[in-house]
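The values are calculated or read from the model by the stated rules, or taken from the named source; none is laboratory data. Since the model is a prediction, treat every value here as computed from it, not as a measurement. Every residue, glycine among them, receives a Cβ derived from its backbone with ideal geometry; neighbour counts consider all protein chains shown. For accessibility, only protein heavy atoms count, side chains too; no ligands or nucleic acids. Shrake-Rupley method; radii C 1.70, N 1.55, O 1.52, S 1.80 Å.
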Amino acid sequence: MSLLRSLRLCLDARTGGLPAGSLLLQLLQPWHTIHAGSWLSSSASRKDLLMKLRQKTGYSFVNCKKALETCGRDLKQAEIWLHKQAQKEGWSKASKLHGRKTKEGLIGLLQEGNTTVLVEVNCETDFVSRNLKFQQLVQQVALGTMLHCQSLKDQLATYSKGFLNSSELSGLPAGPDREGSLKDHLALAIGKLGENMILKRAAWVKVPSGFYVGSYVHGAMHSPSLHNLVLGKYGALVICETSEQKANLEDLGRRLGQHVVGMAPLSVGSLDDEPGGEAETKMLSQPYLLDPSITLGQYVQPHGVSVVDFVRFECGEVEEATEAE
């Protein structure tokens, strides 16, 4: 038997009948062309993961690549690792920046159902207050405050109002879809934006049927991702009592909020207060902001509502929230 025939028989036995010529061609191919397909596929997969992680977290390509290498290309674990590293860097940066003045920032107003919250978050410069990442922090603080308020189980016969100082606000959970506290998210924002920031304060109001919360934010801009969150430099909530549902309450509430922001009253007062003197700080006896020829009380009375309370925030003010007596 010829040598060539012997080789063919041997190869047929080993390959289950695969044509010897086909196998010989495969054996003659360089190893790198055999493995090129899987190598390219693996490379494309790594690039896809890197892009996904970058788009989801906003961190640099270098950090995202390191996260994927550290976590064995597990996307979820890489995201957690990135947040932990950013938090460490944020706390480190926060300690270095501590003490620097934070007179800029934003007021955030969020309304859901019968609950309204007002929050203030401060930073060093107006430039950072216009940054999307800072606005997302204000949004997270407003959501955390709203969830806290909604978790309070109370039977409302009348309206309820509460305030949170910086320490209380910082300790609130960030929310059901976010890990950690609001203080942790503050550290992340400081690490990303490089300015000192504080979660200054929050106020919340809950009302039963028969009450209405008017609201106004000066210089208002809406959150890019939360339609019912309004951001600005001044904010006011005005609590009104009404015996029946009225169609124009939203417009009335906005005008009352404008008055509180512009005239900065210290208390509600009463319709019997005479204008002038100490009454100048009482809301109902003040000249109405949009028509100084009448008092605010004279403007409100024909609408069939009673103003019972208000809250006013001014971004960067030293005083705590103005609370009506």
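Computed values, structure above
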{"quantity": "With every protein chain in place, the range 112-164: carbon and sulfur % of accessible area (1.4 Å)", "calculated": "53 percent"}
{"quantity": "Fraction of accessible area attributable to carbon and sulfur, the range 225-283 (%, probe 1.4 Å)", "calculated": "47 percent"}
{"quantity": "Protection proxy ranking of 77-84, 113-120 - average other beta-carbon atoms within 10 Å, highest first", "calculated": "113-120, 77-84"}
{"quantity": "Accessible surface, per residue, of the range 187-255 when the full set of protein chains is kept, probe 1.4 Å, Å²", "calculated": "41 Å²"}
{"quantity": "Candidate lysines - alpha carbon under 17 Å from LYS161, same-chain residues fewer than 8 apart omitted", "calculated": "LYS153, LYS206"}
